1. Spin-label point model (7 Å from Cα, Cβ direction): what's the Tyr45 to Ile64 distance in nm?
2. Mind sorting Cys126, Cys60 by how few other Cβ atoms lie within 10 Å of their own Cβ, fewest first?
3. Of Phe55, Phe3, how do they rank once you tally other Cβ atoms within 10 Å and put the fewest first?
4. Rounded to the nearest 0.05, what FRET efficiency do Val115 and Gln28 have when you use their Cβ-Cβ distance and R0 = 35 Å?
5. Given the DSSP H assignment, sum -39500 (n - 2.57) over each helix run of at least 4 residues in the chain and divide by its residue total; what's the result at 222 nm in deg cm²/dmol, nearest 500?
6. Need the C-alpha centroid separation for region 67-93 versus region 1-61, integer Å.
7. Could you work out how much longer the chain between Ser11 and Arg85 gets when fully extended? Use 0.36 nm per residue separation minus the Cα distance between them, nm to one decimal.
8. Based only on other Cβ atoms within 10 Å, what is the fewest-to-most ordering of Tyr128, Tyr144, Tyr94?
Amino acid sequence: MKFRIVIDKNSEEEIIARVHSPSSLTQQIENLVCSFSGIDSIIGYRDDELRKLGFDEIECITIIDKKVIAIDTEKQLYRIQDRLRDLEELLPSYFIRINKSTLANEHRILRFDAVFSGGVDAVFRCGYKEYVSRRCFAQIRRRYKGI
């Protein structure tokens, strides 16, 4: 297999993959290319700090005290100016809804824990926990069954 990238600022962006047959790799490449919107970060605010948060360093985005909050890999909280539904359209496809008020980076979910009340919590690599609604958990299970 060969890989080649040509950077030409004067031409239209195009990605071409020549393969013998479709595979899980070609599907992953297609999903990655189709989900990329050209934006790979958002601005987060904390106290007097303004920080550019890359999508790969965000554990989840949730609503806390009626504010949209991004939680990063260090478990730091950053206020986001955008609304959650606007972010859902902007974020790549690996951000999944786990309840009515939370979008989770599925690459940063460490595991799902069953809780005593019969529900499920998503445990992130930074240690943060967020509950998963029954409806969203059913969608997540269907998503993983296809793998």
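1. In this crude spin-label approximation the distance works out to 1.6 nm.
2. Working: Cys126 15, Cys60 23.
By the 10 Å Cβ count, ascending, the order reads Cys126, Cys60.
3. Values: Phe55 17, Phe3 5.
So the residues, fewest neighbours to most, are Phe3, Phe55.
4. Working: r = 32 Å, r/R0 = 0.92.
Taking R0 as 35 Å, the efficiency between Val115 and Gln28 is 0.65.
5. Working: 3 runs with 31 residues, N = 147.
Using -39500 (n - 2.57) per qualifying helix, the result is -6500 deg cm²/dmol.
6. About 18 Å separates the Cα centre of region 67-93 from the one of region 1-61.
7. Contour length minus the Cα-Cα distance gives 23.3 nm.
8. Numbers: Tyr128 20, Tyr144 9, Tyr94 15.
So the residues, fewest neighbours to most, are Tyr144, Tyr94, Tyr128.
Read-outs: derived from the displayed coordinates by stated rules, not from any lab. Note that the structure is a prediction, hence the values are computed from the model and not measured. When we count neighbours, we look across all protein chains shown, and the Cβ atoms used for this are built from the backbone with ideal geometry, even at glycine.
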